[in-house]
Structures are given as structure tokens and as C-alpha cells.
Amino acid sequence: MENFVKLNDSIYFYNNDNLYINLYLASKLNWVDQGFALTQEADLLDSDKITFVINEAPNKDIAIKFREPSWLAKDTSISIKLNGNEYDSKALEGYITISRKWDEGDTIELTIPMEVGVSRLPDNPDAIGFTYGPFVLSAGLGQQKMIVSGHLASEKPTIPADVIIKDY
């Protein structure tokens with residue numbers, strides 16, 4: 001079951017001097033124990049760019065680990081600019097790490113290329129959804145030939161037998 005109110009508690013995780021950024025959503029982090037704060041500006045519906053601004057930083061190194069999402073366009077990588085300059089990095093164990101002594105006002109810009117993809121349901125490989133990055137695409141295609149059957153507490157549309165699904 002999806003629980004959207006839980007999304008905000010999974011954006012950031014931290015331990016010791018490591019900050020893990022798992023979701024790319026406009027948000028603010030105030031890591032009181034470390035005296036570290038940042039603002040994340042993101043709107044993936046309109047742009048593949050995410051900007052982080054350091055609002056407060058301690059006088060020591062903090063490692064920021066950016067998750068490399070599964071929806072990253074194939075054969076591409078995340079590009080990073082640190083204070084406007086290209087930052088060369090590679091993902092290790094699913095995260096790109098920048099470790100340094102941060103200053104108030106430092107900016108990090110990530111560009112995460114997205115592409116259209118096809119996702120299949122684990123329990124029904126004949127049911128598919130088209131995605132663009134982290135978003136499931138949808139369209140109002142009408143109800144012609146749609147068969148709806150009851151399924152516990154909800155209704156489930158199914159594909160009529162005369163509709164052919166091609167595997168791409």
C-alpha cells in the first residue's frame with residue numbers, strides 16, 4: 001500500500017558525518033546535531049536540474065551522498081556542478097559522494113537525465129505503465145472496450161482479449 005505521508009521522512013538520512021540524499025523533492029534539512037542546514041530546490045516535472053544551497057555548515061568535513069536513482073536514463077550519468085564548476089565524480093554503492101568542509105552559500109547543481117521507460121507489475125507482466133523519470137505517465141484514452149471487474153474493495157480495469165500488447 002502506498003503511504004505518501006511517509007515520503008518526507010525518507011528524503012534525508014544521516015549518521016556520523018554522512019548525509020544521504022535519497023529523494024529529489026523541494027525541501028529543507030536542518031541537521032541540528034551537526035549545525036548543518038540546506039535547501040533543496042527541485043521540480044522534476046519541469047526540469048531535470050536539482051539545486052542544493054548550504055544554509056549553515058560546521059567547521060569540519062561533511063560527506064553529502066546523492067542517490068543515483070533507478071530511473072536515471074540508461075547510458076548516462078548524473079552531472080554535478082559545485083559552485084558553478086563541473087565536479088567529476090562516480091557513483092559508488094549507488095551514491096555519488098562529495099566530502100568537504102562546506103561554507104554557507106555553497107551550491108550544488110545536479111542534472112539527472114530522464115527518459116521514457118516501460119514498467120511492468122511484478123504480479124502481472126501483461127500490465128504495463130509508461131514512465132518518465134520517477135513519474136508514471138497517463139492519458140485519458142476513454143473507456144471503449146474497457147472491462148471493469150470487482151476486486152476486493154476496488155474496481156480493476158482489464159484488457160479485453162482482442163487488444164494486442166506488443167513487447168518492446
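Annotations for the structure displayed:
- From the options Gly94, Gly84, residue that is among the small types (Gly, Ala, Ser) and at pLDDT 95 or above: Gly84
- Selection count, the range 96-114, where residues are open to solvent by less than 60 Å² (accessible area, probe 1.4 Å) and either in a strand (DSSP E or B) or in contact with a Ser or Thr (Cβ under 8 Å, 6 or more places away or on another chain) (or both): 9
Yes/no matrix, rows are residues, columns are (1) open to solvent by less than 40 Å² (accessible area, probe 1.4 Å); (2) farther than 21 Å from Lys81 by Cα; (3) at pLDDT below 95; (4) of a type outside the set (Gly, Ala, Ser):
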{"residue": "Asn3", "(1), (2), (3), (4)": "no, yes, yes, yes"}
{"residue": "Lys6", "(1), (2), (3), (4)": "no, yes, yes, yes"}
{"residue": "Asp9", "(1), (2), (3), (4)": "no, yes, yes, yes"}
{"residue": "Leu19", "(1), (2), (3), (4)": "yes, no, no, yes"}
{"residue": "Lys28", "(1), (2), (3), (4)": "no, no, no, yes"}
{"residue": "Val32", "(1), (2), (3), (4)": "no, yes, no, yes"}
{"residue": "Phe36", "(1), (2), (3), (4)": "yes, no, no, yes"}
{"residue": "Gln40", "(1), (2), (3), (4)": "yes, no, no, yes"}
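- Condition met for Ala127 (open to solvent by less than 30 Å² (accessible area, probe 1.4 Å), at pLDDT below 95 and not in a loop (DSSP other than H, G, I, E, B)): yes
- The set of residues from the range 59-95 being part of a strand (DSSP E or B), without any contact (Cβ under 8 Å) to a residue 40 or more places away in the chain and closer than 13 Å to Glu109 by Cα comprises Ser79, Ile80, Lys81, Leu82, Asn85, Glu86, Tyr87.
- Residue count, the range 58-82 (criterion: open to solvent by 20 Å² or more (accessible area, probe 1.4 Å) and touching a helix residue (DSSP H, G or I) at 6+ places or on another chain (Cβ under 9 Å)): 2
The values are calculated or read from the model by the stated rules, or taken from the named source; none is laboratory data. Just so we're clear, the structure is a prediction, and the values are computed from it rather than from any experiment. Glycine also receives a Cβ, built like all others from the backbone with ideal geometry; neighbour counts cover every protein chain displayed. With ligands, DNA and RNA removed, areas are computed over all heavy atoms of the protein, side chains included. Shrake-Rupley method; radii C 1.70, N 1.55, O 1.52, S 1.80 Å.
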